[in-house]
Amino acid sequence: MTRRYNSTDAAAAANPKISAIVDQISQLTLLETADLVASLKSRLNIPDLPVGGFAAAPAAAPAAAAAEEEDAAPAAAEKTLFTIKLQSFDAGSKPKVIKEVKNLLGLSLVDSKKFVESAPKLMKESVPKDEAEKIIATMKELGAVVVME
């Protein structure tokens, strides 16, 4: 019986370049691996997506704050990626804001409601300027106060 994990070994062995990269990555420390992932996301323009829905968001917030402090110094030249934060919303437009947050973040309806009710809250990180401006315009039309940092 062939297991799935064996299939990747054959592919890596077939290409020595890939095999060498896998060997190098496997020797990295956890911090070096995190830097590698961040560099790859930046170079390949891979957006940060919420993983695990609403429950994972509070755990990610302290790490994001630490990353923002580290990134603050080099970003003095020209900032291209922004963080979008939901500050508040009009009570009458709450259902519309919840629906838009659900669509933007891919959360369930219940998680979107909890997210909106816990404003001010970080919505998205590392968003290109044009996309951030579109999101802010959409949210302002719906009656939400959103800031770009």
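Quick check on the range 79-109: of everything there that is touching a residue at least 24 places away in the same chain (Cβ under 8 Å), open to solvent by 50 Å² or more (accessible area, probe 1.4 Å) and hydrophobic (A, V, I, L, M, F, W, C), which residue is nearest to residue 148 (Cα to Cα)?
81
Given the criteria touching a residue at least 60 places away in the same chain (Cβ under 8 Å), in a strand (DSSP E or B) and open to solvent by less than 20 Å² (accessible area, probe 1.4 Å), does residue 127 qualify?
It is true that residue 127 is touching a residue at least 60 places away in the same chain (Cβ under 8 Å), in a strand (DSSP E or B) and open to solvent by less than 20 Å² (accessible area, probe 1.4 Å).
Mind checking which residues of the range 130-149 are in contact (Cβ under 8 Å) with a residue 24 or more places away in the chain and closer than 17 Å to residue 89 by Cα?
135, 136, 138, 139, 142, 143, 144, 145, 146, 147, 148
Scan 29, 33, 83, 8 and give me the residue that is at pLDDT below 60 and out of contact with any Pro (no Cβ under 8 Å at 6 or more places or on another chain).
8
The values are calculated or read from the model by the stated rules, or taken from the named source; none is laboratory data. These figures come from a predicted structure and were not determined experimentally. Using ideal geometry, Cβ is built from the backbone for each residue, glycine included, and neighbour counts are taken over all protein chains shown. What goes into the accessible areas is simple: the full protein's heavy atoms, side chains included, and nothing from ligands, DNA or RNA. Shrake-Rupley method; radii C 1.70, N 1.55, O 1.52, S 1.80 Å.
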